[in-house]
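Take a look at the structure below.
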Amino acid sequence: MNIIDKYSNDVTPTWCPGCGDFSVLRSVKAAASHLNIENHNLSIVSGIGCSGRISGYINSYGFHSIHGRALPIAQGIKLSNQDLTVIAMGGDGDGFAIGTNHTVHAMRRNIDITYIVMNNQIYGLTKGHTSPLSEKGFVTKSTPFGCNDSPLKPGLLALASGASFIAQGFSAYQKQLVDLIIKAINHRGFSFINVFSPCVTFNKTNTYEWFRKNLINLDEHQHFDTSNYKKAMTKYIETDGLFTGLLYESKEIDFDEELCNKKNSSVVNQDLNILKDFDNLVKDFI
Ligand SMILES: Cc1ncc(C[n+]2csc(CCOP(=O)(O)OP(=O)(O)O)c2C)c(N)n1
Ligand code: SF4
């Protein structure tokens, strides 16, 4: 058996042939396999979108949740059971339109989960209208005269919000993507990977060829101190966000470790006898 098969199930992805999300799916399985994570200890939480389907394609615990709400659910799961490897996943619309609020505050909270955005710079599932990451002037059915708004910069937002691990990958650079996912899972704190994952059906601008031409691979050249916040910020601005590789990793203590130390263990390990006295606990509120 191919080791990646351990995480496969009998559900056939309905993604369009060539969709970048296939590579993200394979990369997550390869990273989990490399880290030898037991299926029952892996929790994949996704939002809604083509990308959101991913939780149904992995043989693990999972939650195909609500549009823009993968992160609150993922954080709840992690805080309830610290032993789980929790990966939240979704599209750029999911994370940076309807879910922006959750994205910013999850990064700030620095809980030990991984967040992978499958960024195709468009809303795929709803048939190709602009997302907050679409380029200015981008023509879609919803913006026939070109998008007026400037695209949001996910890496800068992540730096500003306090994410302690920030990286970018590209579906066509699978080896690098697998390495980044392994590093992200191993990182103690909130790890964010923005993956350029082309939508071959609706985004005819940001294609595989376009990314190959425009992305700088930070692993191949342009080495810099990734623990230096200011240098990370400068690198992002210098490259206009068009790079793959690790941008920033801080080793500061993560929030759930503090919480865990205070309470001494995950919620699942705590004495639930307290609930027996539930009536007493709520009596003042009834
Ligand atoms: C609360 C809510 N609002 C809107 C929708 C409709 N909707 C479903 S997916 C989606 C956007 C999908 O784009 P993205 O998150 O970038 O994912 P992709 O399909 O590109 O992977 C929208 C607006 C919804 N399902 N729920
Ligand atoms: S519409 Fe785009 S994002 Fe959705 S499955 Fe097809 S190629 Fe992928």
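Every number here is computed from the coordinates shown, using simple stated rules; none is lab data. No experiment lies behind these values; they were computed from the predicted model shown. FYI the Cβ positions are ideal-geometry reconstructions off the backbone, even for glycines, and counts take in every protein chain you see.
Annotations for the structure displayed:
- With the simple spin-label model, which puts each label point 7 Å out from Cα in the Cβ direction, the Asp277 to Asp149 separation comes to 5.0 nm.
- Rg(Cα)/(2.2 N^0.38 Å) for the stretch 64-155, N = residue count: 1.19
- Taking the chain and dividing mean pair separation by its residue count, relative contact order in percent (alpha carbons under 8 Å, at least six apart): 18 percent
- Protection proxy ranking of 143-155, 161-173, 23-35 - average other beta-carbon atoms within 10 Å, highest first: 161-173, 23-35, 143-155
- For the stretch 1-84, the Kirkwood estimate of the hydrodynamic radius, built from every pair of different alpha carbons, is 13.3 Å.
- The share of C-alpha pairs in the stretch 134-264 whose separation exceeds 25 Å stands at 34 percent.
- The alpha-carbon atoms of the chain define a convex hull whose volume equals 159 cubic angstrom per residue.
- Only the Cβ atoms of Lys and Arg (+1) and of Asp and Glu (-1) were treated as charged; on that basis the dipole of the chain about its Cα centre amounts to roughly 560 debye.
- Rg/Rh for the stretch 131-211, where both radii come from Cα atoms and Rh is the Kirkwood radius: 1.04
- Helical contribution to [θ] at 222 nm, DSSP H n ≥ 4, -39,500 (n - 2.57), averaged over the chain, rounded to 500: -9000 deg cm²/dmol
- For the stretch 96-166, the Cβ-based charge dipole about the Cα centre amounts to some 80 debye (Lys, Arg positive; Asp, Glu negative; other atoms uncharged).
- Distance-filtered residues of the stretch 266-286 - backbone nitrogen under 16 Å, label point 7 angstrom along Asp83 Cα→Cβ: 266-272
- Charged side chains reduced to their Cβ positions (Lys and Arg at +1, Asp and Glu at -1) give the stretch 93-216 a dipole of some 80 debye around its Cα centre.
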